[in-house]
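Reading through the structure tokens given below for one structure.
The values are calculated or read from the model by the stated rules, or taken from the named source; none is laboratory data. Just so we're clear, the structure is a prediction, and the values are computed from it rather than from any experiment. FYI the Cβ positions are ideal-geometry reconstructions off the backbone, even for glycines, and counts take in every protein chain you see.
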Amino acid sequence: REVTVDVRESLWTTMSRQLGISGANLGCDRAQCGACTVVVNGRAVNGCTVLTARLGRGQKILTVEGIRLGPGIEGLHPVQRAFWEQGGYQCGICTRGFIMSTYALLQTNTSPTNDQIREALAGNICRCGEYPKIYDSVQAAAAAMRTPPAQQQVVVGPPPARTTPLATKQFQFVTQLGSPEFISDVNTELSKTQGINGVTGNDSSATVTYDGAVINEDQIRKAFADAGYPVK
């Protein structure tokens, strides 16, 4: 789309008021908090102070909505999924900016050191102080982007007989359930996954009984995340 803008109009104003794109949060409006970060031609910039007129035509501008790979949970970009699964957020005001700065970093470096992460996120502030989980999220996203998705195998015939006893493992929810009774909903969802025989627990933790020959702990964590109950 082509839009006519005032020479003083910021990129955030153009996106939110003329194009209806609301993915970037407006925080300080002074380029100091990073909540409005978007990616322009591969570079993370503050949408509140970049002037739209200075960009001109033909620029590739990405917001947090634009990096997803498809619909639903499965369509989340690895960076979005990592922040969700690792709990790299609290109030959420700054999260979109952190995601976009991380996205820009990992486009050119999928094995960043902590110093490189610190430099890339220097323009983003989390007033809730969730920096340890944010750093965990960046590292998890980097690992996911380094590892290509596994190819699914089609098994013909009856499943092999179980040769190992059932195992149990306790997981802690990233965000507590609203009530201990909700663990029954978790059990219903997780029991749909092959290899998981049942889930018990309370509002803060879940104990999974599973067949170790069919599913491992990382796959169980993914099943929790896919069902909307990320664990650590």
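Name the residue that is farthest from Cys94 (Cα to Cα), counting only residues in region 1-29 that are surrounded by fewer than 16 Cβ atoms within 10 Å (Cβ to Cβ) and small (Gly, Ala, Ser).
Checking each candidate, the answer is Gly20.
Could you list all residues from region 188-224 that are crowded, with 18+ Cβ neighbours inside 10 Å and not in a loop (DSSP other than H, G, I, E, B)?
Of everything in region 188-224, those that are crowded, with 18+ Cβ neighbours inside 10 Å and not in a loop (DSSP other than H, G, I, E, B) turn out to be Leu190, Ile196, Val199, Gly201, Ala206, Val208, Tyr210, Ile220, Ala223, Phe224.
Given the conditions (1) in a loop (DSSP other than H, G, I, E, B); (2) in contact with a Pro (Cβ under 9 Å, 6 or more places away or on another chain), and given that Glu85 satisfies all but one, which numbered condition is not satisfied?
(1)
Which of the residues that make up region 45-63 are among the aliphatic types (A, V, I, L, M), outside any loop (DSSP other than H, G, I, E, B) and more than 22 Å from the chain's Cα centre (by Cα)? Step through it out loud before you land on a result.
So the first thing to find is which residues in region 45-63 are among the aliphatic types (A, V, I, L, M), and the list is 45, 50-51, 53, 55, 61-62.
Next, only the ones that are outside any loop (DSSP other than H, G, I, E, B) stay: 45, 51, 53, 55, 61-62.
Residues satisfying the conditions are Leu51, Ala53, Leu55.
Out of all the residues in region 65-87, which are at pLDDT below 90 and under 9 Å from Ala140 (Cα atoms)?
none
Is at least one residue of region 169-180 assigned to a helix (DSSP H, G or I), at pLDDT below 85 and not polar (S, T, N, Q)? It would help to see each step written out before you state the result.
Initially, region 169-180 is screened for residues assigned to a helix (DSSP H, G or I), giving 180.
Next cut, at pLDDT below 85 only: 180.
Now restrict to residues that are not polar (S, T, N, Q): 180.
Yes: region 169-180 contains one or more residues that are assigned to a helix (DSSP H, G or I), at pLDDT below 85 and not polar (S, T, N, Q).
Could you please tell me which pairs satisfy a Cβ distance under 8 Å, a separation of 6+ or placement on different chains, a first residue in region 40-57 that is under 19 Å from Ala120 (Cβ atoms) and outside the structural domain of Arg30 (by TED's automatic domain parsing), and a second residue that is surrounded by 15 or more Cβ atoms within 10 Å (Cβ to Cβ) and polar (S, T, N, Q)?
Taking only residues 6 or more apart or on different chains, not a single pair turns up.
Name the residue that is nearest to Gln80 (Cα to Cα), counting only residues in region 96-134 that are in contact (Cβ under 8 Å) with a residue 40 or more places away in the chain and among the hydroxyl-bearing types (Ser, Thr, Tyr).
Across region 96-134, the extreme among qualifying residues is Tyr103.
Scan region 30-44 for residues that are surrounded by fewer than 16 Cβ atoms within 10 Å (Cβ to Cβ) and on the phi > 0 side of the Ramachandran plot and report the count.
Start the filter on region 30-44 by keeping residues that are surrounded by fewer than 16 Cβ atoms within 10 Å (Cβ to Cβ), which leaves 30, 32, 41-43.
Now drop any that are not on the phi > 0 side of the Ramachandran plot, which leaves 41-42.
So the count comes out to 2.
When the residues of region 91-117 are filtered to those that are under 13 Å from the mean Cα position of the chain (by Cα) and either hydroxyl-bearing (Ser, Thr, Tyr) or modelled with pLDDT under 95 (or both), which remaining residue is surrounded by the most Cβ atoms within 10 Å (Cβ to Cβ)?
Here the answer is Thr102.
Would you be able to say whether some residue in region 64-86 is surrounded by 12 or more Cβ atoms within 10 Å (Cβ to Cβ), in the same structural domain as Arg118 (by TED's automatic domain parsing), more than 17 Å from the chain's Cα centre (by Cα) and more than 15 Å from Ile134 (Cα to Cα)?
No, there is no match, as no residue in region 64-86 is surrounded by 12 or more Cβ atoms within 10 Å (Cβ to Cβ), in the same structural domain as Arg118 (by TED's automatic domain parsing), more than 17 Å from the chain's Cα centre (by Cα) and more than 15 Å from Ile134 (Cα to Cα).
Filter region 195-232 down to residues that are among the hydroxyl-bearing types (Ser, Thr, Tyr) and within 15 Å of Pro165 (Cα to Cα), then give me how many there are. If you could, list the steps in order and put the result at the bottom.
Pass one, region 195-232, residues among the hydroxyl-bearing types (Ser, Thr, Tyr): 200, 204-205, 207, 209-210, 229.
If we keep only those that are within 15 Å of Pro165 (Cα to Cα) as well, we get 209-210.
Total meeting the criteria: 2.
Hey, can you tell me all the residues within region 88-137 that are under 16 Å from Val64 (Cβ atoms), part of a helix (DSSP H, G or I) and not hydrophobic (A, V, I, L, M, F, W, C)?
Passing the criteria: Thr95, Arg96, Gly97, Ser101, Thr102, Tyr103, Gln107, Ser137.
Tally time: how many residues in region 169-207 are free of Cβ contacts under 8 Å to residues at least 24 places away in the same chain and under 21 Å from the mean Cα position of the chain (by Cα)?
0
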